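Contents: one structure, followed by commentary.
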Amino acid sequence: MQHIIEEAYDYTKKWLGKGKAADYIPELAKADVNDLAICITDLGGRTESVGESKKKFTMQSISKLIILITALKDVGFDEVFKRVGMEPTGDPFNSIIRLETMTSKPMNPMINAGAISVTTCIKGENAEERFEKIRETASVLLGDPDITYNKDVYKSETATGHRNRALAYMMLSSGIFDGSVEEHLEVYFKACSMMVNCEELSLMGAVLANDGVSPINGKLLIEPFHNRVVRSLMTTCGMYDASGEFAMRVGIPAKSGVGGGIMGAVPSRMGIAVYSPALDEKGNSYCGIKAMEYISSVLDLSIF
Ligand code: GLU
């Protein structure tokens, strides 16, 4: 497998320089756009890597999977899906329009409105306790007990995240959830700011690929039904409003984040992760998409 990811790396690095790091969260604009890492973890738990595979970056929207897994464990499927829908939108990740025009319930857990609503399901005395539940889920799935969040990115997002505040207040006013918007957003922004590297993401992809079972120690980490829910949402909604094209060109359940990471789970085969912070116009890692396309085609990984 090592030679495949090295070939993928050589193929992909031609596009370094295309796209642009996210700057609507000012701290993210400091990323090195020449970074590129690719990792694959097989279902025997072996990870192969190329590039800056140990460099930490913030998960951003990839944390939406972890928020969802935590909420499903905390309150169950029925409670979670009272507060969020199951359908793709075709709109940008931070869009507000459907909260007003179609349904007051956010369309799915992979867009910002949906993830904020799912965050409100996670119980706890305060924001610290609720974030700690998410952090613990992340630690278990990523194989790193010391997962933490990046305080600078968290502060930057708290200072500028007015659109997320608008989404949350719209949902509060429609009665989707109650409580303090600022507390819910503290949990959500901290989750988005959790730091991860490409190898850890690839391991998490392998857990999802392996029906929720750790490929390292055989422990069940995600209940199989919850694992199926997560993988189906990755397929239909994981790549923002490029999810349809990604399904056709790559065909792997995946989730991307504006920090430049993409995590894929190829059912019964492997986890794949890619990191490169320059994004295309939809918010997906420019080189990340190229690398996933290459690997999927060479190893014939499309699930379709
Ligand atoms: N923290 C980001 C936001 O809420 C996450 C966006 C993303 O990665 O798609 O805007």
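None of the figures in this text is laboratory data; all of them are computed from the coordinates on show. Just so we're clear, the structure is a prediction, and the values are computed from it rather than from any experiment. Note that each Cβ is placed from the backbone with ideal geometry, even for glycine, and that neighbours are counted across all protein chains shown.
Computed about its Cα centre, the charge dipole of the chain is approximately 260 debye, with only Lys, Arg, Asp and Glu carrying charge at their Cβ. Using the Cβ of S139 as centre and a radius below 12 Å, the other residues enclosed give a net charge of -3, where K and R count +1 and D and E count -1.
With a cut-off of at most 14 other beta carbons within 10 Å, and DSSP calling the residue loop, which GluC sites (Glu not before Pro) in region 227-304 qualify? Please list them. Listed in order of number, the matching sites are E281. Counted by neighbouring Cβ atoms within 10 Å, the residues F304, F131, F177 run from fewest to most as F304, F177, F131.
Between the residues L36, T160, V250, the greatest Cα displacement towards the positive end of the dipole of the chain, with unit charges on the Cβ of Lys, Arg, Asp and Glu, is found for V250. Determine the relative contact order of the chain: mean sequence separation of Cα pairs under 8 Å and six or more apart, normalised by residue count, in whole percent. After rounding, I find 28 percent. Estimated from the Cβ-Cβ distance and a Förster radius of 25 angstrom, the FRET efficiency linking L299 and I216 is about 0.70. With Cα atoms defining each centre, region 55-126 and region 1-44 are spaced 26 Å apart in the structure.
Counting beta carbons within 10 Å around each of R163, R135 and listing the fewest first gives the order R163, R135. Among D74, D32, the ranking by other beta carbons within 10 Å of each residue's beta carbon, starting with the fewest, stands as D32, D74.
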